[in-house]
Amino acid sequence: MGCNASKSGKNVVPPQAQSPAPAQSDYKSEATGVAETVISNPEISDNEEDRDQIEAAMTAMMAKLEDVLKQSRERIDFGDFMTAEQRLMVFLHEVESSEDPMVVRHKAVVKLRHSPEYKDTLKALTVLEKLAEEILGPGSDQDGPWKAGTVIPVDYPTIGFPLDKDASPIILPDHDKIKIFYRLHGKRLDIKVDLLLPTKTPTVMPAVAGLLAMWLEMEAWHTWHPVLMGPSPVECWPRRSYHNLVHIPQKLFRKHMSELVEHQMYLLEESGIFMQSMDGKPGNDPLWKQYPAPGSCKPIPGAVKSGLFCLCQKDVSVVSILSEAKLEYALPE
């Protein structure tokens, strides 16, 4: 459907932008209507047994499609576009390999591809591909080259990540560092962070599990977020596993400000890929009216958009982070 690495995984469309679930269909009347319209061949039309067979197959196929669309809608509303796509693709494969009459299979494919569920899922996967390109791609020519910012050495054994004989030759001696780059375009500041992590940890969980937990466990954000006010972000809607809208109250230069962020996570289990986007909303975004800043906080000036990509491999995990900040004032070079 547009994402080669998304056979399995977990999943950017705000609730107000989602299409409504389709109304329930009258399977029998729809099947009969389609059969009446399409079966124009006199030999088939005169064969009552063939007509009954096609109508029965159409009724069964439409009922199954509606069930698949309902399941997909549940996953879409949950923010899990990867599972939604998987269920739609499994259904398409079953239709293609079905022995039902061609008219039945054709109708099922056409109806699926015109469904809100298919369109919403395709839109989300397109966003995922764009996010991967933004994080991993070189950027456009007008962005200019990245400039070296700083390098932070990391002693992995000291922080609880012992390097085994497989990870050591890959990480040492040059990749035991967090490398930070930047580029400046007037009022826009881009920051890129690259690092390698040993995949294996003293626990049974891979290192990427800690990265996932850091974002999922919102109640513990105060343990690592440097300027967060309060113990956790303020959730704007009931929490979902993969897609949330939150206020992040912050204390900056004695001022109480809040950042309104749409947070989307993707976990492609079969590919060992974890991705996330954090889309900060500027002060003129309509969502600020729907979800005003909490307490005494004011909207934070500008907006920050960031993405994270992590490829978990057998011995090491590759992590890349890209952050784009739109500021009120231009910074000097």
Exercise. Any residue in segment 229-243 that is within 21 Å of Leu128 (Cβ to Cβ), in contact with a Lys or Arg (Cβ under 9 Å, 6 or more places away or on another chain) and open to solvent by 10 Å² or more (accessible area, probe 1.4 Å)?
Worked result: yes
For this session: Within segment 173-208, track down each residue that is among the hydrophobic types (A, V, I, L, M, F, W, C), modelled with pLDDT under 85 and outside any helix (DSSP H, G or I).
Result: Val204, Met205
Problem set entry | Output for segment 274-288, where each listed residue is of a type in the set (A, V, I, L, M) and either buried (at least 20 other Cβ atoms within 10 Å of the Cβ) or part of a helix (DSSP H, G or I) (or both) | Met275, Leu287
Seminar exercise, completed: For Tyr266, the lone unmet condition from (1) over 18 Å from Val127 (Cβ atoms); (2) surrounded by 17 or more Cβ atoms within 10 Å (Cβ to Cβ) is (1)
For this session: Please find, within segment 99-127, the residue that is most open to solvent (accessible area, probe 1.4 Å) out of those that are assigned to a loop (DSSP other than H, G, I, E, B) and under 28 Å from Leu267 (Cα atoms).
Result: His114
Exercise. For segment 128-149, what are the residues that are touching a strand residue (DSSP E or B) at 6+ places or on another chain (Cβ under 9 Å) and either at pLDDT 85 or above or open to solvent by 60 Å² or more (accessible area, probe 1.4 Å) (or both)?
Worked result: Glu134, Leu136, Gln142, Pro145, Trp146, Lys147, Ala148, Gly149
Problem set entry | Residue list for segment 71-91, restricted to those being surrounded by 18 or more Cβ atoms within 10 Å (Cβ to Cβ) and either over 18 Å from the mean Cα position of the chain (by Cα) or in a loop (DSSP other than H, G, I, E, B) (or both) | Gly79, Asp80, Phe91
Problem set entry | Boolean, Leu211 is surrounded by 13 or more Cβ atoms within 10 Å (Cβ to Cβ) and assigned to a loop (DSSP other than H, G, I, E, B) | no
Seminar exercise, completed: Looking across segment 224-268 at residues that are among the hydroxyl-bearing types (Ser, Thr, Tyr) and touching an Asp or Glu at 6+ places or on another chain (Cβ under 9 Å), the single one that is nearest to Trp288 (Cα to Cα) is Ser232
Exercise. Given (1) part of a strand (DSSP E or B); (2) open to solvent by less than 60 Å² (accessible area, probe 1.4 Å), where does Ile152 come up short, assuming only one miss?
Worked result: (2)
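The values are calculated or read from the model by the stated rules, or taken from the named source; none is laboratory data. If you're wondering where the values come from, they're calculated on a predicted model, not measured in any experiment. In this analysis, Cβ positions are derived from the backbone assuming ideal geometry, glycine residues included, and neighbour counts consider all displayed protein chains. Accessible surface areas use protein heavy atoms only, side chains included; no ligands, DNA or RNA. Shrake-Rupley method; radii C 1.70, N 1.55, O 1.52, S 1.80 Å.
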